[in-house]
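The next block holds one structure in the form of structure tokens; read it before the comments.
The values are calculated or read from the model by the stated rules, or taken from the named source; none is laboratory data. No experiment lies behind these values; they were computed from the predicted model shown. Methodologically, a virtual Cβ is constructed for each residue, glycine included, from the backbone with ideal geometry; neighbour enumeration extends over all protein chains shown.
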């Protein structure tokens, strides 16, 4: 593998940071250099969270610049739209179809944008692949909606030259024993 620049975008409570940690562990198990950087500022449950994961033979900076992300995993629709500018030509954006309504929308101070999926198709049209999935529903089927992050990683694993066994090993490393079965099912 030459290099892989990933962006994980979600809101507080969706496991964005844990997914980044898991990807970092996967890269190390593959013998790759890896850098993980998180931006979560005031992101308590419901606030925007982004994690950059860069892996390859040699990685210097942890930050993925605009137009550089090979893969964007968006755990929520609005976060997909917010970070789509980071997607590289030929990249892949995978978006969870679920919405997490921001507090400002819930209080009537703002509106949730309509047509997010259509707008994202325009972003990807001719230069990138944009796909959506019901990761929340799949996580629920696996045993917990909290496993959205692992469902998204499972969907993304098909885009990588890294076998699923490495992810399963990393799940065993990162999660407590009582959470491993749930996360293996979600993957």
If we scan region 159-174, do we find a residue that is out of contact with any helix residue (DSSP H, G or I) (no Cβ under 9 Å at 6 or more places or on another chain) and without any contact (Cβ under 8 Å) to a residue 12 or more places away in the chain?
yes
Listed residues 53, 7, 64; which is over 21 Å from residue 171 (Cα atoms), buried (at least 24 other Cβ atoms within 10 Å of the Cβ) and at pLDDT 95 or above?
64
Exactly one of (1) exposed (fewer than 14 other Cβ atoms within 10 Å of the Cβ); (2) at pLDDT 95 or above is unmet by residue 95. Its number?
(1)
Considering only residues of region 98-116 that are closer than 26 Å to residue 187 by Cα and in contact with a helix residue (DSSP H, G or I) (Cβ under 8 Å, 6 or more places away or on another chain), which is modelled with the highest pLDDT?
98
What do you reckon, is residue 69 under 16 Å from the mean Cα position of the chain (by Cα) and closer than 24 Å to residue 144 by Cα?
no
Give 133, 86 a once-over and let me know the one that is surrounded by 18 or more Cβ atoms within 10 Å (Cβ to Cβ), at pLDDT 95 or above and touching a strand residue (DSSP E or B) at 6+ places or on another chain (Cβ under 8 Å).
86
Does residue 119 fit the bill of being at pLDDT below 90 and surrounded by 12 or more Cβ atoms within 10 Å (Cβ to Cβ)?
yes
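Condition first: farther than 17 Å from residue 4 by Cα and either loosely packed, with under 14 Cβ neighbours inside 10 Å or touching a residue at least 24 places away in the same chain (Cβ under 8 Å) (or both). Now tell me which residues in region 142-158 satisfy that.
Listed by number, the residues that qualify are 142, 143, 144, 146, 147, 148, 149, 150, 151.
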Being free of Cβ contacts under 8 Å to residues at least 24 places away in the same chain and either farther than 18 Å from residue 131 by Cα or more than 12 Å from the chain's Cα centre (by Cα) (or both): is that true of residue 86 here?
no
